[in-house]
2 protein chains.
Amino acid sequence: MSQPSRIRTRLDSAIRRLEAQRACLDWAIGEIAGVPGVVLELGLGNGRSFDHLRAHLPDRDIYVFERNPAAHPACTPAVDRLIIGTLEETLPAARQRFLGKVALLHSDIGTGDEDRNRRFADWLGPQVIALLAPGAIVASDQKLDALQHLAAPLPAGVDEGRYYLYRLSR
Amino acid sequence: MSQPSRIRTRLDSAIRRLEAQRACLDWAIGEIAGVPGVVLELGLGNGRSFDHLRAHLPDRDIYVFERNPAAHPACTPAVDRLIIGTLEETLPAARQRFLGKVALLHSDIGTGDEDRNRRFADWLGPQVIALLAPGAIVASDQKLDALQHLAAPLPAGVDEGRYYLYRLSR
């Protein structure tokens with residue numbers, strides 16, 4: 001839609017960020033069509049991306065990790081699919097359960113604190129690799145350096161650096 | 001961007017809602033170019049639409065009404081432009097100050113509670129009318145029945161019912 005000028009506002013950024021998220025998730029949903037495995041969602045937030053994933057992947061088991069679930073009940077997973085606690089605790093604890101069984105991992109855990117985001121992404125990357133099934137996709141709002149060798153191109157229309165995609169070879 | 005199917009998820013709705021908000025604000029910003037007066041923002045939220053308005057209307061005085069300011073400091077107005085309290089208290093109290101002086105009023109105060117939204121919109125409409133300068137625009141996420149005779153067409157691409165625009169004749 002047209003805009004009065006080239007100024008980029010926080011409203012513009014929010015729209016671009018959500019559009020990038022959707023484009024990346026939609027791509028990932030298509031890519032994992034032939035990849036058996038579960039879906040992990042790191043961060044429930046208000047449940048928007050969870051709702052998107054469950055709508056388009058009705059036959060997948062989707063597990064959501066969330067420190068403090070506060071989404072609308074209609075966008076909150078069933079109690080046996082919701083893993084509550086900090087990721088630093090819950091993800092290592094779930095390692096054996098999901099080892100090599102994850103077809104799609106979506107991580108949307110960025111905060112306004114860039115230093116914290118970077119430290120967290122540095123911790124997260126190695127944790128994630130062991131969980132992936134052959135052919136698995138990782139979609140992340142943060143760059144995961146440990147997965148750099150798995151980087152996949154972004155869908156058309158998504159600006160570099162706004163979202164990150166990784167794919168494990170089959 | 002393409003999507004795997006026609007399912008409408010909460011992620012889709014969030015994108016459409018923000019795009020509608022931006023299209024309506026951009027239209028309003030253009031429409032009030034020749035209309036002297038201040039801008040009132042009802043509800044600060046995370047400050048996205050406030051940031052959009054101040055970026056595109058740098059010479060306007062923008063007053064923000066917010067019950068509980070919690071936006072990032074960079075998206076929070078100066079203390080003399082922030083009117084803190086419930087709108088039921090602060091808007092009547094500000095009536096004399098802004099009577100006939102408002103060029104643009106943006107109201108984004110909807111909650112998930114439709115009954116509450118309706119009651120609030122019924123209260124808000126009559127409050128707003130007296131504040132408007134000739135040629136003023138009202139953009140609202142809720143239908144304001146008291147302004148129905150002032151309804152303006154939505155910009156291209158905005159679905160009916162997603163946002164509401166009103167214009168007072170000059």
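Nothing in this text is a laboratory measurement; each read-out follows from the coordinates by a stated rule. Quantities reported herein were computed from a predicted structural model and do not represent experimental measurements. Glycine also receives a Cβ, built like all others from the backbone with ideal geometry; neighbour counts cover every protein chain displayed.
Observations on the structure shown:
- Rounded if a/c under 1.5, otherwise prolate or oblate - the range B:117-170, Cα gyration tensor axes: oblate
- The charge dipole of the range A:48-159, taken about its Cα centre with unit charges on the Cβ atoms of Lys, Arg (+1), Asp and Glu (-1) only, comes to about 300 debye.
- Separation of alpha-carbon centers, the range A:47-73 and the range A:116-170, rounded to whole Å: 19 Å
- Helical mean residue ellipticity (222 nm; -39500 (n - 2.57) per DSSP H run of 4+; nearest 500) of the protein assembly as shown: -10500 deg cm²/dmol
- In sequence order, the range B:55-69 has phi-based couplings of 5, 9, 10, x, 9, 9, 7, 10, 10, 10, 9, 8, 5, 9, x Hz under the Karplus curve 6.51 cos²θ - 1.76 cosθ + 1.60, θ = phi - 60°, and Gly or Pro positions carry x.
- Share of pairwise Cα-Cα distances greater than 27 Å in chain A is 21 percent (whole percent).
- Volume per residue of the convex hull around the Cα atoms, evaluated for the protein assembly as shown, comes out as 143 Å³.
- Sum of side-chain charges, A:Y163 neighbourhood, beta-carbon under 11 Å (Lys, Arg +1; Asp, Glu -1): 0
- Computed over neighbours whose Cβ is under 14 Å from that of B:L104, the net charge equals -2, Lys and Arg +1, Asp and Glu -1.
- Using a 7 Å Cα-to-Cβ projection, A:I84 label spacings across copies, nm, ascending: 3.2
- Of the beta bridges in the protein assembly as shown, as assigned by DSSP with both residues counted there, near 20 percent are antiparallel.
- P(r) of the range A:10-108 over all Cα-Cα pairs, binned every 10 Å from zero, in whole percent: 15, 48, 33, 5, 0
- Relative contact order, whole percent, for chain B stands at 24, derived from Cα pairs under 8 Å and 6 or more residues apart.
- What the Cα convex hull of the range A:68-125 gives, in volume per residue, is 114 Å³.
- Starting from the label point of B:P58 at 7 Å along Cα→Cβ, the same points in the other copies fall at 5.2 nm, in ascending order.
- Surrounding net charge for A:A151, when Lys and Arg each add one and Asp and Glu each subtract one, Cβ distance under 12 Å: 0
- For B:T111, the label point sits 7 Å beyond Cα toward Cβ; its separations from the matching points on the remaining copies run 2.7 nm, from shortest to longest.
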